[in-house]
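Below is one structure, written out as structure tokens, with a few remarks after it.
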């Protein structure tokens, strides 16, 4: 019997509801979808925050046969020394548990993977860039110069972007171009069945949130951090409720901007119309409570929350940026507005409120969009990539190719 290929998927952590994002959601979906007869998957969370949600996620993964471990505990005040501890602990783990492939999905994971490849003899190291911002390590330009531009083209066997724009950007780095190393585009994905097969009493669920069953509900899901544009959504909402006071908003997630956004909602006088629900484990049921999902980000890779909304049958209004534009064609399967423009966002919300037939048509077309990004279609691309890279060490990929 042929031995299974051993893969480690490296991400920031497992507290997806509180501290994670699209990368973490994708890794969990991918780990479930990879053929267990061919692949033995382990998820390495770089940082453990010791939360109950994190532990629950870990138990769920272990129950499905997906091994998990944490490299070290989260210590933001001593991040460099904490990361060095993580490197040491992962190397120790690899001594007892040799693997074939290291696949990183985070910036610090991108540093750790090649270190472990070189010092522990791991055959293959890959990295996927999920962040749609035009610059990696955007607050650390020296790290960007050293790691992203100089070392990564040499050290990684394959670099992947979750949309064609990221893959193209990686391929055009001077050293990558000199070495003729093309990056691969493989889209983010989700398990669409998780969202399309939910049965919940929408009215009762709304009442449990303190929201009338008859309200028009606008929702947001994501980290409350810089770049997500939630402050713009609140400004737009303040405009909307002046004309439509029955509109309610639900904001699901947590992050370093949480307190600031709570304060802003009160200052705008919309505290009674907005519910900050924090991190939740019933996200599939919460989508059902929405009439419209809004993602006003300034940058995205390929946002799985848009796909989740589409799979749930909820129409989407998003900012007109590359990652969102890849999923949404304006007025066909969703709506797009200029990023950072509160008035334009408010106008679109009011238009959707008064156009129930348009919402229905958008929803039908959006469900077709999701099929392309279902994990059942994307996981085989990773399976083929893993096999090819492990067998050759130098697979030939064309620019933006999604068909391995």
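The values are calculated or read from the model by the stated rules, or taken from the named source; none is laboratory data. Please read all numbers here as calculations on a predicted model, not as lab measurements. FYI the Cβ positions are ideal-geometry reconstructions off the backbone, even for glycines, and counts take in every protein chain you see.
Results for (1) outside any loop (DSSP other than H, G, I, E, B); (2) over 28 Å from residue 376 (Cα atoms); (3) without any contact (Cβ under 8 Å) to a residue 60 or more places away in the chain, shown as yes or no for each residue.
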site: 45; (1), (2), (3): yes, no, yes
site: 86; (1), (2), (3): yes, yes, yes
site: 112; (1), (2), (3): yes, yes, no
site: 119; (1), (2), (3): yes, yes, yes
The listed residue being under 26 Å from residue 160 (Cα atoms) and touching a residue at least 40 places away in the same chain (Cβ under 8 Å), out of 306, 375, 362: 375
Sole residue being at pLDDT 95 or above, in contact with a strand residue (DSSP E or B) (Cβ under 7 Å, 6 or more places away or on another chain) and outside any helix (DSSP H, G or I), chosen from 90, 99: 99
Check on residue 384, under 23 Å from the mean Cα position of the chain (by Cα) and at pLDDT 95 or above: yes
Conditions (1) surrounded by 24 or more Cβ atoms within 10 Å (Cβ to Cβ); (2) touching a strand residue (DSSP E or B) at 6+ places or on another chain (Cβ under 6 Å): number failed by residue 277: (1)
So residue 130, is it crowded, with 20+ Cβ neighbours inside 10 Å, modelled with pLDDT of 95 or more and in contact with a helix residue (DSSP H, G or I) (Cβ under 9 Å, 6 or more places away or on another chain): no
Output for segment 257-277, where each listed residue is free of Cβ contacts under 8 Å to residues at least 60 places away in the same chain and closer than 30 Å to residue 59 by Cα: 257, 258, 276
Any hit, segment 338-357, residues being farther than 20 Å from residue 219 by Cβ, at pLDDT below 90 and surrounded by fewer than 16 Cβ atoms within 10 Å (Cβ to Cβ): yes
Subset tally (residues that are under 19 Å from residue 380 (Cβ atoms) and in contact with a helix residue (DSSP H, G or I) (Cβ under 8 Å, 6 or more places away or on another chain)) for segment 26-43: 12
Among residues of segment 157-198, those that are more than 18 Å from residue 378 (Cα to Cα), outside any loop (DSSP other than H, G, I, E, B) and out of contact with any helix residue (DSSP H, G or I) (no Cβ under 6 Å at 6 or more places or on another chain), counted: 7
Candidates 226, 231, filtered to the one that is under 16 Å from the mean Cα position of the chain (by Cα) and either farther than 28 Å from residue 379 by Cα or without any contact (Cβ under 8 Å) to a residue 12 or more places away in the chain (or both): 226
